[in-house]
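Read through the structure below, which is laid out as structure tokens, and then see the notes.
The values are calculated or read from the model by the stated rules, or taken from the named source; none is laboratory data. Values in this document were obtained by computation on a predicted structure and should not be read as measured data. A quick note on method: Cβ atoms are made from the backbone with ideal geometry, for glycine too, and the neighbour counts reach across all protein chains shown. Each accessible area value is taken on the protein alone, full model and side chains, heavy atoms only, with ligands, DNA and RNA left out. Shrake-Rupley method; radii C 1.70, N 1.55, O 1.52, S 1.80 Å.
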Amino acid sequence: MRFEEAYSGNVFIGASMDLEKSQAVLYGMPMDWTVTYRPGSRFGPARIREASLVHEEYSHYLRRELTEMTYYDAGDIPLAFGNPEKSLQQIASFVGKVLDLGKVPIGMGGEHLVSWPVVQEVYKRFPDLAVIHIDAHADLRTDYEGEPYSHSTPLRKISELIGGEHVYQFGIRSMTKEEVTYTEEAGIHFYPFDVLEPLQKCLPQLAGRPVYVTIDIDALDPAHAPGTGTPEPGGITSKEMLAAVHAIAQSQVQVVGADLVEVAPVYDHSEQTPILAAKLIREMLLGFIK
């Protein structure tokens, strides 16, 4: 059984060819149509898959191996090049089918706007959804220079959909004054600069709840992840990001979907960014899929 909407070239390490028996579906959203600085994140999913081959299938952090769970790599969704609105509809259609099959969607971006249609679909199935957002940027703008379909707007759309009090933001270090005001007015749980410590304090509040986790690779300092479209100095280390993923994995929240976005491999000839992203995806698969 396969998805007609997606294709598979290289697959992520340890992926199963059996969709029906899989607990989760890994997929790519190769879109960077609305970026405001450097394009290239549409090449992220494919490069992350290739970089996964450098890693072991076993995680010593979680003491678990990919052979102990089953997930399916559906490849990248073929999106309408240059057409954000149609691309978002295509993503929503694909993710809706994943959820209808009872699988957990784990996405790879692509720019951060791709998270918006995914959360819409997840929210239809889990109306008490909370969102954990780890990023350098707040992404709370209503538009970017008049354009509502922008990678600077997905969390604004999400907070207006599910309610700001159900959104938890960590590591933010770049935003407008208007976005700061909105976090206060909307009741967003907003924790700038740091990730791990405030995340550990918030996770008990989310125990038992369905949670969607969205991670922008630029939450890391450019020294650790230079391959991204909008790098922002002053971020966390790769060790801290891994610890944040593990904190979520070892908590009592129910992760019902997740994504990792904004990997733009062309800006990192050392390949440390896709290699790190592949390791994070491995830990998300092993940690979030119980």
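Residues are listed down the side, and each one gets a yes or a no for (1) more than 15 Å from D259 (Cα to Cα); (2) touching a helix residue (DSSP H, G or I) at 6+ places or on another chain (Cβ under 8 Å); (3) modelled with pLDDT of 95 or more; (4) part of a loop (DSSP other than H, G, I, E, B):
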position: M1; (1), (2), (3), (4): yes, no, no, yes
position: I13; (1), (2), (3), (4): yes, yes, yes, yes
position: W33; (1), (2), (3), (4): yes, yes, yes, yes
position: T36; (1), (2), (3), (4): yes, no, no, yes
position: P45; (1), (2), (3), (4): no, no, yes, no
position: L62; (1), (2), (3), (4): yes, yes, yes, yes
position: D73; (1), (2), (3), (4): no, yes, yes, no
position: L79; (1), (2), (3), (4): yes, yes, yes, yes
position: S115; (1), (2), (3), (4): no, yes, yes, no
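Output the number of residues of the stretch 183-207 satisfying the condition of being farther than 15 Å from L155 by Cα and open to solvent by less than 40 Å² (accessible area, probe 1.4 Å).
6
Which of (1) within 24 Å of K157 (Cα to Cα); (2) buried (at least 19 other Cβ atoms within 10 Å of the Cβ) is the odd one out, the single condition V180 does not satisfy?
(2)
Can you confirm whether the stretch 208-231 contains a residue that is surrounded by fewer than 18 Cβ atoms within 10 Å (Cβ to Cβ), at pLDDT 95 or above and among the hydrophobic types (A, V, I, L, M, F, W, C)?
Checked the stretch 208-231: at least one residue is surrounded by fewer than 18 Cβ atoms within 10 Å (Cβ to Cβ), at pLDDT 95 or above and among the hydrophobic types (A, V, I, L, M, F, W, C).
Scan the stretch 232-242 for residues that are within 16 Å of the chain's Cα centre (by Cα) and open to solvent by 10 Å² or more (accessible area, probe 1.4 Å) and report the count.
The total comes to 2.
Just give me the residues in the stretch 162-172 being open to solvent by 20 Å² or more (accessible area, probe 1.4 Å) and under 18 Å from the mean Cα position of the chain (by Cα), in sequence order.
Of everything in the stretch 162-172, just one residue is open to solvent by 20 Å² or more (accessible area, probe 1.4 Å) and under 18 Å from the mean Cα position of the chain (by Cα), namely H166.
Answer yes or no: is there a residue in the stretch 245-254 that is within 13 Å of the chain's Cα centre (by Cα) and in contact (Cβ under 8 Å) with a residue 24 or more places away in the chain.
yes
Conditions: (1) part of a helix (DSSP H, G or I); (2) hydrophobic (A, V, I, L, M, F, W, C); (3) in contact (Cβ under 8 Å) with a residue 40 or more places away in the chain. A92 meets all but one. Number of the miss?
Status for A92: all satisfied but (3).
Let me spell it out: the conditions are (1) in contact with an Asp or Glu (Cβ under 8 Å, 6 or more places away or on another chain); (2) surrounded by fewer than 20 Cβ atoms within 10 Å (Cβ to Cβ); (3) not charged (D, E, K, R), and M69 meets all of them except one. Which number is the exception?
If we test M69 against (1) in contact with an Asp or Glu (Cβ under 8 Å, 6 or more places away or on another chain); (2) surrounded by fewer than 20 Cβ atoms within 10 Å (Cβ to Cβ); (3) not charged (D, E, K, R), just (1) comes out false.
Select the strands (runs of 3 or more DSSP E) contained entirely in the stretch 180-285, then report the ones holding at least 2 residues which are over 19 Å from V167 (Cβ atoms).
The strands (runs of 3 or more DSSP E) meeting that bar number zero.
Across the stretch 128-161, what is the number of residues that are touching a residue at least 60 places away in the same chain (Cβ under 8 Å), open to solvent by 50 Å² or more (accessible area, probe 1.4 Å) and either over 13 Å from T34 (Cβ atoms) or in a helix (DSSP H, G or I) (or both)?
1
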